[in-house]
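Here the structure comes first, spelled out in structure tokens, and everything after it is commentary.
The values are calculated or read from the model by the stated rules, or taken from the named source; none is laboratory data. Keep in mind that this is a model prediction, so the values were computed, not measured. As a convention, Cβ positions derive from the backbone with ideal geometry for all residues, glycine included, and neighbour counts pool all protein chains shown.
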Amino acid sequence: MRDLVGDGGVLGILGERIAALLGEFAWEIGMDSIVEGSRLDHVGIVVRDLRAAATLYGDLLGGTLVSGGVHEGMGVRSLHFAYGSGSKVELLQPVRPGPIERFLESRGGGPHHLTYFTPDLTASLDGFAGGGLSVVDVDRSAPEWQEAYLSPRGTQGCLIQIVEGPDVDPVPGLTVDSVLNGEWEWRDHRPRRVMSEARR
Amino acid sequence: MAVANPVVEGMDEAELLGFVSRAAVAAVRRAAATSPLYRWFYARSDLRPERLSTLDDVRRHVPMVTKRDLLDYQETLPGGGATPADSYVRQLHLTSGTSGAGREIYPRDARDLAGLGIPGAYEYLWAGLVPGDRLMLTIPYSQTMAGPYFQETCAAAGLVPINGFSGSTAERLHDLERFACAGISATPSYVHRLTLEAREAGLRLPELKAIFLSGEPYGAAWAHETAAFWGATVCEGWGATQTLGVAMCTCERGAVTVDGDGGPRHGVLHGLDHRCWIEVLHPDGSPVAPGEAGEIVVTGLRPSAQPVIRFRMADRVRLLEPGSCDCGRRTSCYAAGTIGRVDDMLKIRGMNVWPDAMDAVLLRSPVVDYRGRVHTDERGREAVDVTIAFEPGTPPESVAGLPARLAADVRRAVGVSVDITVVEPERMPVEQFKSRRWTDERAVRDD
């Protein structure tokens, strides 16, 4: 769909106008703090057994593996599956102690967060602040990937990640086995092949 | 009661105020973070947008912006609040420039254009027009903003625009009848002319529901007589390029009501508060009390390619108590029919005309002084007479063609046609203030 619409052309401009009209509609029904032009990118799900989860969300539910790898900062190994509608799930398995590991131990896994992409993080944060929502962990350190979180206290229990950045395109050559074997890691918000001494 | 939007009109006063407060704070923060104009402007102050949380905070801490500030900014960074070449800009709206100070540039993005017609749709729907009705537009599309604005407003209300800005008054009357128009949008002066010509022709338009006035003040008695003649509600809207359409308008009660003693009085303008926060302020910046008049200062609440934050409009209005219209809507309220200027600008045939700009054209040697008069001629047309005097001793043959050349210069620089008459200097009335060079004797000003 994104390939069809692109950033320009008749379809792209039509999409821009539709999004703008939807923004006006939302305002006229009293939604003054929406994230305009935002879209739900994926649902993050914490799992204990990543391979078993990959079988469920990939083979049985028809998802296509598009990205994944170890995220050292978060202490997780992840797999992203995409579906025909454009929706995605992010499977998160803890690899060392940290918030995800604690979530798994305390709740036994399950839905952990929603990730929305926004075209304008500043405007979105303004809207949240205007709506009385508590924004935490704003990270603007990387120009190509800026993010913030809405605390579950203000969202009726749901952790929401807001991201301003480009889509993560499907990664050629990435497989469930290669991720589980530790061949991929997240660097600069992209899956990269691990350049170990053995592989060199 | 006509309902244009049950959600907004269903808000009570506290809900609406909360909505406006959140939106105004967010608008300031957004502008401070993303607008080149406001980043430049606020860099000269100690504003801390993150510390704002209420309307009162905004009122106390956010500096007001003037036309001069915007023009200064555009001189610093040509292109306006956004660079016109930016890929997200879809239209550029310019003000008329008839002040002589310069033309403000308003870049518009897709969001601006999506919202452009919505406020005006309230005006038309509240007046009782319904989707499918035809609305004649007589205000010329000579400036960038007007055309898109009127077309989009009709689209937002589901109305069919009948473009009547070319052709004669007789042709417009014919089209009003032929297309069974339910509404007409015009300046008061032009409505007066239409009325005279229709009366002379014995024309009645039974389909006409409402007459939408804008652009200049008018008297309550005149509006009452006009409504009676046409059998239609006289309505009014106020807005500007800066507000991206109307920011206040009348409802089905119209712009003129009748007192218990039968005397006409001005009706009520409702603020479209959920889209534009309107302040009415004394010259020192303090808010006026209900019943008092002051300068209109606006803050656009929707995201925009060119945000407008606490912009001083130099228009003057009388503030009323919220909810003071009999219709029961809990909006901010203002006196209809009375919006004028805090400066000496005149609105002539829809053009903003500043005496300073006239002075610049007319007060050149050998002209020593002049007087201007705006009036309504016997055909109901707005006319401008200018009387000039030459320096004593000026040889007549040296200025033979000067009045015609000056009239052409006025037309070119200010945009209005004038008739110029030469008198002896001693016949020119002595006035101390330059604004007294002009008198306004138009028929629609009856009070």
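Hey, among B:404, B:335, B:389, B:314, which residue is touching a His at 6+ places or on another chain (Cβ under 6 Å) and modelled with pLDDT of 85 or more?
Answer to the check: B:335.
Would you pick out the residues in region A:129-139 that are modelled with pLDDT under 80 and surrounded by 12 or more Cβ atoms within 10 Å (Cβ to Cβ)?
A:129, A:130, A:131, A:133, A:134 - these are the residues of region A:129-139 that are modelled with pLDDT under 80 and surrounded by 12 or more Cβ atoms within 10 Å (Cβ to Cβ).
Is it the case that region B:108-115 has a residue that's surrounded by 23 or more Cβ atoms within 10 Å (Cβ to Cβ) and more than 14 Å from chain A (Cβ to nearest Cβ)?
no
Rundown of residues vs (1) in a helix (DSSP H, G or I); (2) at pLDDT 95 or above; (3) surrounded by 20 or more Cβ atoms within 10 Å (Cβ to Cβ), yes/no style:
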| position | (1), (2), (3) |
| --- | --- |
| B:74 | yes, no, no |
| B:85 | no, no, no |
| B:99 | no, no, yes |
| B:102 | no, no, no |
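May I ask you to say which residue of B:273, B:315, B:326 is over 30 Å from residue B:197 (Cα atoms), among the acidic types (Asp, Glu), away from chain A (no Cβ under 14 Å) and assigned to a loop (DSSP other than H, G, I, E, B)?
Testing whether each residue is over 30 Å from residue B:197 (Cα atoms), among the acidic types (Asp, Glu), away from chain A (no Cβ under 14 Å) and assigned to a loop (DSSP other than H, G, I, E, B) leaves just B:326.
Identify all residues within region B:199-222 that are at pLDDT below 95, among the hydrophobic types (A, V, I, L, M, F, W, C) and surrounded by 20 or more Cβ atoms within 10 Å (Cβ to Cβ); write none if there are none.
B:213, B:220, B:222 - these are the residues of region B:199-222 that are at pLDDT below 95, among the hydrophobic types (A, V, I, L, M, F, W, C) and surrounded by 20 or more Cβ atoms within 10 Å (Cβ to Cβ).
Considering only region A:158-165, I want to know if a residue exists there that is exposed (fewer than 13 other Cβ atoms within 10 Å of the Cβ), away from chain B (no Cβ under 14 Å) and not in a loop (DSSP other than H, G, I, E, B).
Looking through region A:158-165, none of the residues is exposed (fewer than 13 other Cβ atoms within 10 Å of the Cβ), away from chain B (no Cβ under 14 Å) and not in a loop (DSSP other than H, G, I, E, B).
Step by step: first the residues of region B:280-312, then only those that are among the charged types (D, E, K, R) and under 16 Å from the mean Cα position of the chain (by Cα), then the one that is nearest to the other protein chains (Cβ to nearest Cβ). Which residue is that?
Top of the filtered list is B:312.
Would you call residue B:164 in the same structural domain as residue B:245 (by TED's automatic domain parsing), touching a Ser or Thr at 6+ places or on another chain (Cβ under 7 Å) and either more than 24 Å from residue B:338 (Cα to Cα) or charged (D, E, K, R) (or both)?
yes
Name the single residue, out of those in region A:79-117 being under 20 Å from the mean Cα position of the chain (by Cα) and in a loop (DSSP other than H, G, I, E, B), that is nearest to the other protein chains (Cβ to nearest Cβ).
Here the answer is A:86.
Being out of contact with any helix residue (DSSP H, G or I) (no Cβ under 9 Å at 6 or more places or on another chain) and not aromatic (Phe, Trp, Tyr) is true for just one of B:247, B:220. Which residue is that?
B:220
Would you check if residue B:253 is basic (Lys, Arg), at pLDDT 95 or above and surrounded by fewer than 21 Cβ atoms within 10 Å (Cβ to Cβ)?
For residue B:253, the condition - basic (Lys, Arg), at pLDDT 95 or above and surrounded by fewer than 21 Cβ atoms within 10 Å (Cβ to Cβ) - is met.
Can we say residue A:120 is touching a residue at least 40 places away in the same chain (Cβ under 8 Å) and either surrounded by fewer than 21 Cβ atoms within 10 Å (Cβ to Cβ) or within 14 Å of chain B (Cβ to nearest Cβ) (or both)?
Yes.
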